[in-house]
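S.K.: Quick one: this structure, given as structure tokens, is what I'll be asking you about.
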Amino acid sequence: MRSFVRVLLGLALVFAGTSHLSFARQDFRAQVPEFVPLDADTTVLASGVAEIGLGSALVFASRRRRFVGTVAALFFVAVFPGNVSQWLNRRSAFGLDSDEKRIARLFGQPLLIAAALWSTRGGTRRP
């Protein structure tokens, strides 16, 4: 089950990263907080490349799964202010067109963090 969740999470990240670079680029700009020192488009492109790399690492990781899971969890923590910014600034994107939908999304981030950590831990330990 852990491997299934890890691969699913990795594929979701690759898809999300690809969408950063193409069809959802405008929507992702709505999440970039004002305090980010780069312009919104550069931030979206850079985070998309990071998501593709991170997602690929989750799918193909073998020896470094725990490390990759930790990096993925930290990435989800790092992008959380963007979700908060979207809610606070009432920016509609991804069908999140009400305060209720935008705040409900905030509760999904801890689940992603937990999935990244849980799916890359466990199994047999080496002596």
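S.K.: Can you pull out every residue in segment 1-25 that is of a type in the set (S, T, N, Q) and touching a residue at least 24 places away in the same chain (Cβ under 8 Å)?
M.R.: SER3, THR18, SER19, listed by residue number.
S.K.: Could you count how many residues in segment 29-48 are surrounded by fewer than 13 Cβ atoms within 10 Å (Cβ to Cβ), in a helix (DSSP H, G or I) and in contact (Cβ under 8 Å) with a residue 24 or more places away in the chain?
M.R.: 0
S.K.: Then there's this: Can you give me the number of residues within segment 80-102 that are under 18 Å from ALA24 (Cβ atoms), surrounded by 15 or more Cβ atoms within 10 Å (Cβ to Cβ) and either among the acidic types (Asp, Glu) or touching a residue at least 24 places away in the same chain (Cβ under 8 Å) (or both)?
M.R.: Qualifying residue count for the region: 7.
S.K.: Could you identify the single residue in ALA114, ALA57 that is surrounded by 17 or more Cβ atoms within 10 Å (Cβ to Cβ) and within 22 Å of ARG2 (Cβ to Cβ)?
M.R.: ALA57
S.K.: Anything in segment 4-28 that is of a type in the set (Lys, Arg) and surrounded by fewer than 17 Cβ atoms within 10 Å (Cβ to Cβ)? List them, or say none.
M.R.: Once the filter is applied, which keeps residues that are of a type in the set (Lys, Arg) and surrounded by fewer than 17 Cβ atoms within 10 Å (Cβ to Cβ), segment 4-28 yields only ARG25.
S.K.: Which of the residues belonging to segment 79-102 are touching a helix residue (DSSP H, G or I) at 6+ places or on another chain (Cβ under 8 Å), aliphatic (A, V, I, L, M) and at pLDDT 90 or above?
M.R.: Selection gives VAL79, VAL84.
S.K.: Also, quick follow-up: List pairs: first in segment 103-127 and within 27 Å of SER92 (Cβ to Cβ) and at pLDDT below 90, second surrounded by 15 or more Cβ atoms within 10 Å (Cβ to Cβ) and hydrophobic (A, V, I, L, M, F, W, C), Cβ under 8 Å, 6+ apart or cross-chain?
M.R.: Note: pairs meeting the criteria are ARG105/TRP87; ARG105/LEU96.
S.K.: Hey, another quick one. Determine if segment 80-88 includes at least one residue that is over 22 Å from ALA116 (Cα atoms) and touching a Pro at 6+ places or on another chain (Cβ under 7 Å).
M.R.: yes
The values are calculated or read from the model by the stated rules, or taken from the named source; none is laboratory data. The structure presented is a predicted model; accordingly, all values stated were derived computationally and were not measured. As a convention, Cβ positions derive from the backbone with ideal geometry for all residues, glycine included, and neighbour counts pool all protein chains shown.
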